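Here is the structure we will look at.
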Amino acid sequence: MSGGSDPLLAELQRLAASGASAAAAADDELGRLLDEEASPQLWRVIRAQMPDLPPAEQEEVHGDALLRLTIVLQRFAAGDEEIRIESFRAYVGATAANGCRALLRARHPERTRLQNQLRYALRHDAAFAVWDEGDGASRCGLASWQGRALAAAPAARTAFVVERTAAGGAPALPELLRRYFLWRGGPTTFAELTGAMAEALGVRDLPALALAAPDDSENSGEGESAPELAEERPGIDRELEDRQFLSRLWEEVRELPRGQRVALLLNLRDNQGRDRLRLFPVTGVASLSDLARSLEIPLGELERFWDRLPLDDRTIAERLAVTQRQVINLRKSARARLGRRLAAMLRPGSAISFGR
C-alpha cells in the first residue's frame, strides 16, 4: 500500500487492501472522503483566496480540484508508491491553492505577476510578515502585527491612492506596502491586499480569448466558415453537464477517425479558452481511462499533461506527426461531422453549437 500515515485515510487503505470483496465499500469510503472532508475544505480555501471570483469560476476551480483529488485517492488506494499523503487536510488545502493559482495564471497573468511580486516583498523584507490562521486566507501586514486580528476595512476613509514620484512613477514596492499598511491600520488578507494594489497601480488583464483561435477562424479553402464548439450564453457549465447530451456526444466522438478525435479532444475548449475535456470524467460519462483509450495514449501520459489542457495546435501536430494546418482541418472536419450527427439535439439557444 502507498505511503501515508494520516488516520483519515486508514479506512480507505484497509478496504482497498481487502481486495475485490471490499471494492464497493472502498468506493463508498473514497466518496465519503471527497464529499465530507475534501469538498467543504476546498470551498473554504477557494472562497478565502479568491473572494471576488464569480461563483461560476469558483465552481470550476472546485470541480477541477475535486477531480484531481479523486485521481490521487484512486492511485493511493491502488497502492501507487508515488502517492504519499501524511496529512490529507493539508493536501486538500494545497490542491485548492494550486487550483486558484493555476486559474489566475491562465486568465489573469498581470494580476498573477503582481501577486508574485507582493509575496516576494512580504517574505523577504523584515518589516513585513505574512501568516496563516488556518482558514485558508493568508494574513499580511507589518511584522509587529503578526498574530493580530484583521483590521476592519477603512470604509470611512478615501480609497488608497498611490502617490507618484516626481518622475511620475510609483514608489518601490516595499515603500508602497508600508504606506498601504499604515493607511489600513492593521492586518489584512492577502487577497484584499492584491485587490487594493491592483486597483491602485492600474493592473488590468485583457479579456479572455474567444473560442476560435486565429488559425481556426481562417478559411481553409472549403468556401465556408468552420463549425465551432461555442459558448453562446451564460450557464454553459450547467447545460454542458446534461448527461444525456454528453453521453451522445461521447458516443459520436468515439466514432471519429483517430486524427479528428485527437485534434478535437486535446483542444476541446469554450470561447474563453477553458478546457472542456474534463466535463466527461466529472459527469461520469467517460473516465480518464476511457479518454486515454480514445486518444490512444497511456493513462499516465494523459495524467501528466492533464493540467495543461487544452493543448495548442503545435503540440497536437507533433503528437500526430502532421502540420498545424492539418490539425486545424482535422478539427474542423470533426466539428462538422458532430454538428450533422447532433443537429437534432442542438436546438436554438443550446449551450453548444456546431453552426457557423
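Read-outs throughout are calculated quantities, based only on the coordinates presented, and are distinct from any laboratory measurement. Keep in mind that what you see is a predicted model, and the values were worked out from it rather than measured. Cβ placement follows ideal geometry from the backbone for every residue including glycine, while neighbour counts extend to all protein chains displayed.
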**Fill in**
Taking every other residue with Cβ under 14 Å from the Cβ of ARG319 and scoring Lys and Arg +1, Asp and Glu -1, one gets +1
**Message:** To make sure I understand, if each residue's beta carbon is the centre and we count other beta carbons within 10 Å, what order do PHE245, PHE280 fall in, fewest to most?
**Reply:** PHE245, PHE280
**Asked** Which FRET efficiency value, to the nearest 0.05, is calculated for ARG204 and HIS124 with the Förster distance at 35 angstrom and r the Cβ-Cβ distance?
**Response** 0.85
